[in-house]
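J.: After the structure tokens below, expect a handful of questions from me.
The numbers here are math on the coordinates, done by the rules we state, and not lab data. Nothing here was measured: the structure is a model prediction, and the numbers come from that model. Reconstructed Cβ throughout: ideal geometry from the backbone, glycine too, with neighbour counts over all protein chains shown.
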Amino acid sequence: MKNLIKNIIGVIIIGIIISYPNLILAETETELNNQKEDNNEKITQAQQEKERVTNEKNQTIDEVNTLTEQITDYQSQINDLDAQIDEANNKLEEQTKKLEEAEKQYNEQQDTLNTRIVALYEAGETSYLDVLLSSESVTDFISNYYIISEIAECDVELLEQIDNQKQEIAKAKEEIENSKNQLATAKADKERVSQELQEKKSEKDSYVAQLSQEEQDIEAQIEELQQANIQIDKDIAAAREAARKKLEEEKKKQQQQNNNNNSGSNSGSSSGGGISNPSSAGFIYPVPSGYATITTNLYYSNGSYHGAVDFGTGGISGQPVYAVADGVVITAKALTTSYGNYIIIMHRDGLYTLYAHGQPGSIAVSQGQYVTQGQQIMRVGNSGNSTGPHLHFEVRTGNGLYSDRVDPRPYLP
């Protein structure tokens, strides 16, 4: 009797010792997985923001390239205007020289005419009439008259010719001056627009640099989150390895304790009976064998993915729900929607099982608790999003997340 009491106390103490670190590990892994999901969401948001920034940067770069082309075009026009202004200056200088030469000729001819008039005046009585009257013959008279007429006419024509030339040169000079002023005005307008384009380009260049820095900052954030997830994966792997070792240690100690007690019953299991034999995968049915009829498979009748199997044969309401294998409870919650009352257990070899829609108030385990195969964890009910009493049963791999659901049937007897 004393030995039996000692054995019972020993089992209780071992259970407490084992359950405490498993509680920590289970809670740690759950928190790490939640943190990883949160990081993945942040990574997705950061990648979307980076894509937006990159698109905006590329669009701004296109605008900069367009401005650069416009500036180049305006500079080319300014260079052409400079060339035209230089040409106008050359023409203006040339016309100025011609005008100066014409004025010089006009002045010289005017001086010649004035000199002739002065000479005639100083000759006193001598005049064109004297010259004609001094003719010795009719022929000489005609000749003298013709010479006098030609001289006078030549003087007048030359003065008129020089005066017309002066006027034409002055007009050409004025036109060139006007053209030069127009070219200078056009050049000033082009330079003003070019300066405005340069300022816009500088603003765009600064914005591109700002976006590039923002892009780099976002990339650094993504890298930091990804590195954090890598560390989380390492921490989860370490936690799982520690949990597996603890589970193996617990199994060995229980086997040894059972051998010492010469008892083949499952410690802590319910007295509901009808527990099936384990499958080749080591799982039993999660409900009594008499109710282990699958009513809904991995896919619903409409073809949509169920991700679980349902046990819903008649009379199943209130029947015990068993842990299909030894493990640690990582979730035990009572919801009014979705899964309703549900439990998630972590097993060896990276497997997780989920039991849902239990009777309200029937959950018999808590988070972090170590459970043995066949131990009653709650009762079949109709809680949450359910159309009738049944047990919703899932097997999950990987991180034990919703997306890690697999077909439970290969694991069952």
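J.: Can you find, among Ile294, Ser403, Gly312, the residue sitting farthest towards the positive end of the charge dipole of the stretch 290-413, where Lys and Arg contribute +1 and Asp and Glu -1 at Cβ?
T.: Checked the options; the winner is Gly312.
J.: His390's amide H: which non-local residues (gap 5+, or another chain) put their own amide H closer than 5 Å, with H modeled 1.01 Å from N in plane and none for Pro or chain starts?
T.: Amide H neighbours of His390, under 5 Å, 5+ apart: Gly381.
J.: State, to one decimal in nm, how far the label point of Ala238 lies from the label point of Gln47, with both points 7 Å from Cα in the Cβ direction.
T.: Here the answer is 2.7 nm between the modelled labels.
J.: How far is it, in nm, from the label point at Thr313 to the one at Thr295 when both lie 7 Å from their Cα along the line to the Cβ?
T.: Here the modelled spin labels are 1.2 nm apart.
J.: Can you compute the FRET efficiency between Asn302 and Glu56 using 1/(1 + (r/R0)^6), with r the Cβ-Cβ distance and R0 = 30 Å? Round to the nearest 0.05. It would help to have the intermediate numbers written out before the result.
T.: Numbers: r = 44 Å, r/R0 = 1.47.
Using R0 = 30 Å, I get an efficiency of 0.10.
J.: For a Förster distance of 56 Å, can you work out the FRET efficiency between the beta-carbons of Glu224 and Gln182, rounded to the nearest 0.05? If you can, show how the numbers build up before the last one.
T.: Numbers: r = 63 Å, r/R0 = 1.12.
Efficiency, rounded to the nearest 0.05: 0.35.
J.: Further question: Only Lys, Arg, Asp and Glu count, each charged at its Cβ (+1, +1, -1, -1), so figure out the dipole size of the stretch 39-92 about its Cα centre, rounded to 20 debye.
T.: Its charge dipole is roughly 320 debye.
J.: Further, regarding this structure: Quick check: pseudo-label points 7 Å beyond the Cα along Cα→Cβ at Thr72 and Ala170, how many nm apart are they?
T.: Rounded to a tenth, the inter-label distance reads 5.0 nm.
J.: Using packing as a proxy for protection, rank 377-388, 297-308, 397-408 so that the peptide with the highest average count of other Cβ atoms within 10 Å comes first.
T.: Working: 377-388: 19.3, 297-308: 11.9, 397-408: 15.9.
Answer by packing, highest mean first, reads 377-388, 397-408, 297-308.
J.: Below 14 angstrom from the Cβ of Ser403, what's the summed charge of the other residues (Lys, Arg +1; Asp, Glu -1)?
T.: Neighbourhood net charge equals -1.
J.: Pull up all non-local amide H partners of Asn341: gap of 5 or more, or a different chain, and H-to-H distance under 5 Å with H placed in the peptide plane.
T.: Placed amide hydrogens put Leu335, His357, Gly358, Ser383, Gly384 under 5 Å from Asn341.
J.: Further, regarding this structure: Mind checking the full-extension length gain between Asp189 and Ser137? Use 0.36 nm per residue of separation minus the Cα-Cα distance, one decimal, nm.
T.: 11.0 nm
J.: I would also like to ask the following. Rounded, prolate or oblate: which one fits the stretch 349-413, using the alpha carbon gyration tensor with axes a ≥ b ≥ c (rounded when a/c is under 1.5, else prolate when a/b beats b/c, else oblate)?
T.: Working: a/c = 1.73, a/b = 1.26, b/c = 1.37.
Oblate shape, in that a/c is at least 1.5 and b/c is the bigger or equal ratio.
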